[in-house]
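S.K.: So that we are looking at the same thing, I have put the structure below in structure tokens.
The values are calculated or read from the model by the stated rules, or taken from the named source; none is laboratory data. Keep in mind that this is a model prediction, so the values were computed, not measured. Cβ placement follows ideal geometry from the backbone for every residue including glycine, while neighbour counts extend to all protein chains displayed. Note: areas computed on protein heavy atoms with side chains; ligands, DNA, RNA excluded. Shrake-Rupley method; radii C 1.70, N 1.55, O 1.52, S 1.80 Å.
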Amino acid sequence: MSILFLTTPEFWFDQIVNGLTTGSIYALVALGYTMVYGVLQLINFAHGEVFMIGAFAGYGVLLALGGQDISGVMIVVALVLALIAAGLASGATAIAIERLAYRPLRNAPRLAPLISAIGVSVFLSHLVDDGFLNGETKHYDQIFPAGKLSLGALNVSYLQLFLMGASLAMMAVLYWIIQRTKLGRSIRAVAESRDNAALMGVDVNRAIVATFALGAIMAGFAGVLYGLFFSSIRGSMGFIPGIKAFTAAVLGGIGSIPGAVVGGYFLGLAETVGRELLNEIPGVNLPNEWKDVVAFALLVLVLIFRPTGIFTQQEGKRA
Amino acid sequence: MRSLRASWGRVQEQTWERIPSRLRPIVWFLIAFSVVFINRFDDTWMRMFFLVGLYATLGMGLNVVVGMAGLLDLGFVAFFATGAYTVAIFGSPVSPHDAHLNYWVLVPLAIGLGALIGVLLGLPVLPLRGDYLAIVTLGFGEIIRILALNMNDYTRGSSGLFEIRKPDLGFMVIEDVRAFYVMILVAALAVWFVTSRIRDSRVGRAWEAIREDEDVAAAMGINTTRYKLMAFATGAAVGAIGGAIYAPFIDFVAPQSFSLQVSINVLAIVIIGGMGNTTGVIAGSLILIGVPELLQFQETADFLQKFAWLRDVLNPVIHGFNTVTFLNLPDLPQPEDWGKKLALYRFVVFGLLMVIVMVLRPMGIFPSKRRELEFENPPEAELAASQGVG
């Protein structure tokens, strides 16, 4: 542990907070990957773009409500409206994608839906970038109060607190829907066995659409949170968070909902705290740009040694 | 002599005669066209033909992976970059690690390194379900760009490497666009020959079996991991060849040339052209690479001037529409910009086409005969199972 004392405890606290903040965004996006994989065994490559659509829907709402000038209680109203708009836009996009690009291929050779998925991803990201924005980057209005909570020398900004709290609340609601409602039960049944679920009277198509929609709503929320935190958004913004969220889903064991959440936080921490810990080793210097490499290396390592995920007990469920 | 003639006959049988007879005149035309008219075109046109040839070559490489073995590789740019950087790092005076090696020594090195990276990347994921390969290659395609950007000691980061030594044939040095075009044509023919021979071999049949049903293939005694690795490494080697030819042609090797879009271009060519089929890949390259380049030519802009009157007709309509709907749609741009604007939307079209092709014509626009039959007549076993016999 002695290496830790080379830098101040505050530094490590900041790293942990940053890791948890980005981790909660990864976790929210990872839920969509893991749920769709659970019911269809399909990597939904367009999920990163669903996340992007949510970010833009939230951006549009904030802009329409006055952008930079939103203040007072209106901030809360604006944030709630932005989140609702993002959830609706992302959910509608995902339902349309499922209907047009995936459902016709449900019984096709397994390569077909994957290619269709990557086609949707390319189409959506370039439609926004080349079709609407001409390659421009848009910036979220910084409406969130700038202050921070201080505990002695340790600081957390309100924005980061909000991000962590809001994503936990959203995940709790999702967990409740999956575990306690009839809809959630039908989703779990279809994930277990599509044929058996159909025999038991579950409307399989409805459950699949609901899976896409729920995952997409989470991704849409994540898009708004991403915009509030990182500010710049563009058509191709979903690519890297998409790959990372998928990595998170694999880390936690793909198909498992709690696994995706744990995987998301783990990946967020690995990128920040993990990278800084590696930097403590003499001779190692990984600047911030290498965080993507860390995440990717982690994905490959997990796939080599524990393809069922690092936190799962049962063997051979997937992969 | 007889054996030579016999083997040539076999070559002809298994390559030339595989091209559907209705497409053969087009191939003849293209060969005649490329040889006879090579001096009729200016450098812009030759550059386009070179790019079409380059992407056709890359497409044939990816076709081995996606079309023949049924593995989805979304990071083909990684191998292209490996080839280009091998030639640039060891063959450019500005590089910190210039090895003063001849270009022709570097090409086999590039091919070897490409295949090696393919094996190293494939080794952890190929024993798993195919989906993981897709996401790992997607990530790796991006990682290689980040690595190239940050490993300044080798790649000089975004300043890039240039003054790359040109291929020297002894009697001439390849530096003209035309010479590079002939070079890529030769490379494309070589890749075509080799890949089509492998496809018809025991290895090719193993790939086909794996593509159709991995479990059954394994049950028949095929070492699936080994054959999948072989396909992946073959594709990677072809990607590296493309990179090794591209580097001296463009003479500027920098991370920004190796974005995700290269992978998407190559994948779109293979998917839209027709998986498993070389003619389809060439057609795909002509359409997907040739047309967007063509749209950006001065000739196209001059031609479009004839349609300037469309602006006078459509702009009032747009204005009227804007007043009614409170939208703010822009005016129609100047006709000379139409081609460039359209070329800008190429990836929107590619993405859409990939979905449409998968949903409506999953064997591609120009499918291989074998593949077409598979899609039209499902194997008997499956039929039996669906009828409840199996």
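S.K.: Whole-Hz ³J(HN,Hα) for each residue in segment B:45-55, computed from phi via Karplus 6.51 cos²θ - 1.76 cosθ + 1.60 with θ = phi - 60°, x for glycine and proline: what do you get?
M.R.: Listing the rounded values in order: 5, 5, 4, 5, 4, 4, 4, 4, x, 4, 5 Hz.
S.K.: Using the Cα centre as the reference, give the magnitude of the dipole from point charges on the C-beta atoms of segment B:41-278 (Lys, Arg: +1; Asp, Glu: -1; all else neutral), rounded to the nearest 20 debye. Could the numbers behind the result be given before it?
M.R.: Numbers: 14 positive and 18 negative charges, 72 e Å.
Dipole size: approximately 340 debye.
S.K.: Let me ask something else. What are the ³J(HN,Hα) values, in whole Hz, obtained from phi via the Karplus relation 6.51 cos²θ - 1.76 cosθ + 1.60 with θ = phi - 60°, for each residue of segment A:240-248 in sequence order, with x given for Gly and Pro?
M.R.: 5, x, x, 4, 5, 5, 5, 4, 4
S.K.: Gain in length, residue A:92 to residue A:185, computed as 0.36 nm per residue apart minus the alpha-carbon separation, to one decimal in nm? Could you put the intermediate results ahead of the total?
M.R.: Values: separation 93, 0.36 × 93 = 33.48 nm, distance 2.22 nm.
Computed gain between residue A:92 and residue A:185 is 31.3 nm.
S.K.: Which whole-number percent gives the relative contact order of chain A, counting Cα pairs below 8 Å spaced six or more residues apart? List each step's numbers first, then the result.
M.R.: Working: 520 pairs, mean separation 109.3, N = 319.
About 34 percent, as a whole number.
S.K.: Could you compute the FRET efficiency for residue B:291 and residue B:27, with r as their C-beta to C-beta distance and R0 at 25 Å, rounded to 0.05? Show your work: numbers first, answer last.
M.R.: Details: r = 19 Å, r/R0 = 0.77.
According to the calculation, E is roughly 0.85.
S.K.: Once Rh for chain A is found with the Kirkwood sum over Cα pairs, what is the Stokes-Einstein diffusion coefficient at 4 °C and 1.567 mPa s, in µm²/s? Numbers along the way, then the final one.
M.R.: Numbers: Rh = 20.3 Å.
Result for D is 64 µm²/s.
S.K.: Would you mind calculating the gained length between residue B:226 and residue B:324 on full extension (0.36 nm times residue separation, minus the Cα-Cα distance), in nm to one decimal? Present the calculation step by step, with values, prior to reporting the outcome.
M.R.: Numbers: separation 98, 0.36 × 98 = 35.28 nm, distance 6.40 nm.
That works out to 28.9 nm of additional length.
S.K.: 7 Å from Cα along Cα→Cβ at both residue A:301 and residue A:134: what's the point-to-point distance in nm?
M.R.: Distance between label points: 4.6 nm.
S.K.: Picking from B:100, B:133, A:231, whose Cα lies most toward the positive end of the charge dipole for the protein assembly as shown (charges on Cβ: Lys, Arg +1; Asp, Glu -1)?
M.R.: Checked the options; the winner is B:133.
S.K.: Could you give the size of the charge dipole of chain A about its Cα centre, using +1 on the Cβ of each K and R and -1 on the Cβ of each D and E, expressed in debye and rounded to the nearest 20? Before the final figure, lay out the partial values.
M.R.: Details: 19 positive and 18 negative charges, 232 e Å.
Once rounded to the nearest 20, the dipole reads 1120 debye.
S.K.: Projected onto the charge dipole of segment B:176-228 (+1 at Lys/Arg Cβ, -1 at Asp/Glu Cβ, origin at the Cα centre), which of B:177, B:203, B:224 gives the Cα projection farthest towards the positive end?
M.R.: Farthest along the dipole direction, towards plus: B:177.
S.K.: A further question on this structure: Once you put a point 7 Å from the Cα of residue B:146 and another 7 Å from the Cα of residue A:206, both along the Cβ direction, what distance in nm separates them?
M.R.: Those two pseudo-labels are separated by 4.3 nm.
S.K.: Mind checking A:288-298 for the average number of partner chain beta-carbons within 10 Å of each residue's beta-carbon? Walk me through the numbers before you get to the answer.
M.R.: On the way: counts 0, 3, 4, 1, 5, 6, 0, 2, 8, 2, 0.
Mean inter-chain Cβ contacts per residue within 10 Å come to 3.
S.K.: Given 0.36 nm per residue, what is the gain on full extension from residue B:213 to residue B:305 after removing their alpha carbon distance, in nm? Please list the in-between numbers first.
M.R.: On the way: separation 92, 0.36 × 92 = 33.12 nm, distance 5.42 nm.
Computed gain between residue B:213 and residue B:305 is 27.7 nm.
S.K.: Grab the other residues whose beta carbon is less than 11 angstrom from that of residue A:183, score K and R as +1, D and E as -1, and report the net. Don't skip to the answer; put the middle values down first.
M.R.: Working: positive: A:180, A:182, A:185, A:188, A:206; negative: A:203.
Combined, the nearby Lys, Arg, Asp and Glu give +4.
S.K.: Quick one: Karplus J couplings for segment A:262-268, per residue in order, coefficients 6.51, -1.76, 1.60, θ = phi - 60°, nearest Hz, x for Gly and Pro?
M.R.: 4, x, x, 5, 4, 5, x
S.K.: State, as an integer percentage, the relative contact order of segment B:74-165 based on alpha-carbon contacts under 8 Å between residues 6 or more apart.
M.R.: 43
S.K.: Once the other residues with Cβ under 9 Å from the Cβ of residue A:135 are scored (Lys, Arg +1; Asp, Glu -1), what is the net sum? Before the final figure, lay out the partial values.
M.R.: Numbers: positive: A:234; negative: A:129, A:130, A:136.
Taking every other residue near residue A:135 into account, the sum is -2.
S.K.: Specify the inter-centroid distance of segment B:221-250 and segment B:264-285, based on alpha-carbon positions, in whole Å.
M.R.: Using only Cα atoms to place each centre, the spacing works out to 16 Å.
S.K.: Going from most exposed to least, what order do A:226, B:345, B:154 have by accessible area with a 1.4 Å probe?
M.R.: Numbers: A:226 45, B:345 75, B:154 105 Å².
Solvent-accessible surface, decreasing: B:154, B:345, A:226.
S.K.: Order A:245-251, B:93-99 from most to least packed using the mean count of other Cβ atoms within 10 Å. Spell out each step's value before the answer.
M.R.: Details: A:245-251: 31.9, B:93-99: 13.6.
Highest-to-lowest ranking by the protection proxy: A:245-251, B:93-99.
S.K.: Take the Cα atoms of segment B:41-278, find their three principal axes, and give me the spread along each one in whole Å, biggest first.
M.R.: Cα extents, longest axis first: 53, 39, 29 Å.
S.K.: For n ≥ 4 DSSP H runs only, could you compute -39500 (n - 2.57) per run for chain A, divide by its residues and tell me the 222 nm figure to the nearest 500?
M.R.: Values: 12 runs with 204 residues, N = 319.
That calculation yields -21500 deg cm²/dmol at 222 nm.
S.K.: Among residues other than residue B:180 whose Cβ falls under 11 Å from its Cβ, what is the net charge (Lys/Arg +1, Asp/Glu -1)?
M.R.: On the way: positive: B:47, B:166, B:178; negative: B:43, B:175, B:176, B:251.
Value of the local net charge: -1.
S.K.: Decide, for segment B:58-186, between rounded, prolate and oblate: order the square roots of the alpha carbon gyration tensor eigenvalues as a ≥ b ≥ c, take rounded if a/c falls under 1.5, and otherwise choose prolate if a/b is larger than b/c, else oblate.
M.R.: Details: a/c = 2.46, a/b = 1.50, b/c = 1.64.
It comes out oblate by the Cα gyration axes.
S.K.: May I ask you to list the lysines whose Cα is less than 16 Å away from that of residue A:291, ignoring any residue fewer than eight positions away on the same chain?
M.R.: Cross-link targets: A:244.
S.K.: Further question on the same structure: Once you sort the root eigenvalues of the Cα gyration tensor of the protein assembly as shown as a ≥ b ≥ c, which label holds: rounded (a/c under 1.5), prolate (a/b larger than b/c) or oblate (the other case)?
M.R.: On the way: a/c = 1.44, a/b = 1.35, b/c = 1.06.
Verdict is rounded for the protein assembly as shown.
S.K.: According to a simple spin-label model (label point 7 Å from Cα along Cα-to-Cβ), what is the distance in nm between residue A:150 and residue B:336?
M.R.: Result for the modelled spin labels: 6.2 nm.
S.K.: What percentage of the solvent-accessible surface of segment B:201-246, computed with a 1.4 Å probe over protein heavy atoms, is contributed by carbon and sulfur atoms? Could the numbers behind the result be given before it?
M.R.: On the way: 990 of 1870 Å².
That fraction is 53 percent.
S.K.: Something else: Rounded to the nearest Å, what's the spacing between the alpha carbon centres of segment A:119-179 and segment A:16-46? Just the number, please.
M.R.: A separation of 14 Å, based on Cα centres.
S.K.: With the alpha-carbon atoms as the only input, what is the per residue convex hull volume for segment B:228-340 in Å³? The partial results should precede the final answer.
M.R.: Working: hull volume 20.9 nm³, N = 113.
Residue-normalised Cα hull volume stands at 185 Å³.
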